[in-house]
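The values are calculated or read from the model by the stated rules, or taken from the named source; none is laboratory data. The shown structure was predicted, so the numbers you read here are calculated from the model rather than taken from an experiment. So basically every Cβ, Gly included, is an ideal-geometry build from the backbone, and we count neighbours across all protein chains shown.
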Amino acid sequence: YERRVVILNDTVATLLAGKSAGVAKPYSAYVGFILGTGTNTAYVERNDRITKRADLDPSGLMVINVESGAFRGVRQSAFDVTMDAQTIDCGHYTFEKMISGAYLGWLGFTVLCAAAQAGFFTAAAAERIAAWPTLSNKHLDDFCGGRPTPDNPFQDTAFSTDDRETAVRLCTPVYARAAVLTAVNLASAILKTGAGHDPARPVCVNVDGSTYYRTLTADFPQRVQRELAALLKPRGIAYELIRVDESPVIGAAVAGLM
């Protein structure tokens, strides 16, 4: 007996999980997308469009691990630059730092610190914000999304009602922007497949990750879907977002059987 070892990226595994779930449906192409602590995208590309390799069968297909979090084409705001300067990989993965769960709370905290210094809050609230070592994404999202727990830092008596409303107004755009950029990310992958022109054979997009599904602020997953429809429906591109629980595990099992 010879044991087979498969080394697999989790986003590629997510794509394969989508493929396994869509066996009974006539999808024209597949995309895997993760938005959790980090983010990444995978899609299926035609070999004849891969110019880096001359040894591929031009009639075949290849799953591409995009490493989309490393995209640098979106201009950073002053708050992005301030936060990025404090990371261990400053200047890298700037797109991931705009949309993923590891950074949204941090980015919101950066906005709040600047606002506190600029006089947007009462003196007591500004002093409390300045004393925080950091702010978790969960605490910020729970608060801005209207579901703060008793231990949420914004429940502190230092914050007046106006302070809390100001914090929501300042930080909700952090999540709204992330939703728009997520939609752009998904649309680019769907378009890159070159498929989806027949409504009967849409592109299958398997979306995985806690940040996508659990973010409350800015009506996040619904906002992503609305923005995605606005981008793709005028272009006549058919697609379907699906959810396969434990996608990386399912996809790894699929890869092991291939």
Q. Would segment 129-137 turn up any residue that is outside the structural domain of residue 38 (by TED's automatic domain parsing), among the β-branched types (Val, Ile, Thr) and within 17 Å of residue 217 (Cβ to Cβ)?
A. no
Q) Can you pull out the strands (runs of 3 or more DSSP E) entirely within segment 1-74 that have at least 2 residues that are surrounded by fewer than 19 Cβ atoms within 10 Å (Cβ to Cβ) and outside the structural domain of residue 106 (by TED's automatic domain parsing)? A) 39-46, 61-65
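Scanning for something of a type in the set (Lys, Arg), within 21 Å of the chain's Cα centre (by Cα) and within 30 Å of residue 45 (Cβ to Cβ), does segment 175-186 turn up at least one residue?
For segment 175-186, residues of a type in the set (Lys, Arg), within 21 Å of the chain's Cα centre (by Cα) and within 30 Å of residue 45 (Cβ to Cβ): present.
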Q. So which of 109, 143 ends up being out of contact with any Ser or Thr (no Cβ under 8 Å at 6 or more places or on another chain), among the aromatic types (Phe, Trp, Tyr) and assigned to a helix (DSSP H, G or I)?
A. 143
Q. Among the numbered criteria (1) crowded, with 21+ Cβ neighbours inside 10 Å; (2) closer than 21 Å to residue 214 by Cα, which single criterion is violated by residue 151?
A. (1)
Q) Among the listed residues 151, 163, 198, which satisfies the condition of being of a type outside the set (A, V, I, L, M) and assigned to a helix (DSSP H, G or I)? A) 163
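Output the residues belonging to segment 1-17 that are of a type outside the set (Ser, Thr, Tyr) and either in contact with a Phe, Trp or Tyr (Cβ under 7 Å, 6 or more places away or on another chain) or in contact (Cβ under 8 Å) with a residue 60 or more places away in the chain (or both).
From segment 1-17, those of a type outside the set (Ser, Thr, Tyr) are 2-10, 12-13, 15-17; that's our starting set.
Matches in segment 1-17: 4, 6, 8, 10, 12, 13, 15, 16, 17.
Before we move on, is residue 123 without any contact (Cβ under 8 Å) to a residue 12 or more places away in the chain and over 30 Å from residue 185 (Cβ atoms)?
Taking the combined requirement at face value, the residue satisfies it.
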